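S.K.: Would you mind keeping the following structure in view while I ask a few things?
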Amino acid sequence: MIQNIYIIDDDDKLINMTINIFKNNTKYKFKKVITKQIDIALKNIPSLIIINEDSIKQDIISVCKKIKQNDDNNITPIIVVSSNREKAHRLEVLKNSVEYFIISPIDEEYFYYTIVNLLSLLDINRRVSPLTRITWKYTNTSRNEKKAS
């Protein structure tokens, strides 16, 4: 299944780099979203949102809050990429429901595996029953066997 990833970026630097890093991986589809289009983009539910703080003209915390206040996207993980190295700033951003803060310049391998591992974990969690801790595959198989009996 293809996973849609939105990259909020008012220039093309991060989206181009990300597409290049993932050029051999067809499991992910990247879509550029400019800050003016966030409301339109949030009508859909991506697997992940990546924000290039350096390119947006809005305050990063207000952008993150806007995403997390959206009923459909309040559980969508967010990664912020920024050249701001101040610890206080990073902590403030992380306190506002951001899952990862990556300092640029970006280590491409670190960036790649952060995305792949995060989405892999989410995929596994979505397939596990919260009540039984059994994967949906087995839960549905058990239900189907009971119905057939």
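The values are calculated or read from the model by the stated rules, or taken from the named source; none is laboratory data. Computed from a prediction, not measured in an experiment: that's the story for all the values here. As a convention, Cβ positions derive from the backbone with ideal geometry for all residues, glycine included, and neighbour counts pool all protein chains shown. Accessible surface is based on the protein model in full, side chains and every heavy atom, while ligands, DNA and RNA are left aside. Shrake-Rupley method; radii C 1.70, N 1.55, O 1.52, S 1.80 Å.
S.K.: Hey, any idea what % of the chain's accessible area is carbon plus sulfur with a 1.4 Å probe?
M.R.: Ligands and nucleic acids excluded, carbon and sulfur give 50 percent.
S.K.: Now for a separate question. Given a 1.4 Å probe, how much area per residue of the chain is accessible, in Å²?
M.R.: Values: 9440 Å² over 149 residues.
Solvent-accessible surface per residue comes out at 63 Å².
S.K.: Out of residues 5 or more away from Val33 or on other chains, whose amide H comes under 5 Å of its own, with H placed 1.01 Å from N in the peptide plane?
M.R.: Ile7, Ile8, Asp9
S.K.: Top mean-square fluctuation among Asn73, Asn125, Asn84, Gaussian network model of the chain, C-alpha springs under 10 Å?
M.R.: Of Asn73, Asn125, Asn84, the Gaussian network model singles out Asn125 as fluctuating most.
S.K.: Extension gain Asp54-Lys66, at 0.36 nm per residue separation less the Cα-Cα distance, in nm?
M.R.: Full-extension gain reported as 2.5 nm.
S.K.: Within the stretch 67-109, report the trypsin sites (Lys or Arg not before Pro) that DSSP leaves as loop and that have at most 15 other Cβ atoms within 10 Å. Intermediate values should be presented prior to the final figure.
M.R.: Working: sites: Lys68, Arg85, Lys87, Arg90, Lys95; in loops: Arg85.
Loop-located and lightly packed - Arg85.
S.K.: If one computes P(r) from the Cα atoms of the stretch 63-115, what percent of pairs lie at distances over 18 Å?
M.R.: Everything past 18 Å amounts to 36 percent.
S.K.: Rounded if a/c is under 1.5, else prolate if a/b is larger than b/c, else oblate: which is the stretch 1-95, with a ≥ b ≥ c the root eigenvalues of its Cα gyration tensor? Kindly include the intermediate steps, with their values, before the conclusion.
M.R.: Working: a/c = 1.65, a/b = 1.22, b/c = 1.36.
Oblate, since a/c reaches 1.5 and b/c is not below a/b.
S.K.: Next question. What is the magnitude of the charge dipole of the chain about its Cα centre, with +1 placed on the Cβ of each Lys and Arg, -1 on the Cβ of each Asp and Glu, and no other charges, expressed in debye to the nearest 20?
M.R.: Computed charge dipole of the chain: roughly 840 debye.
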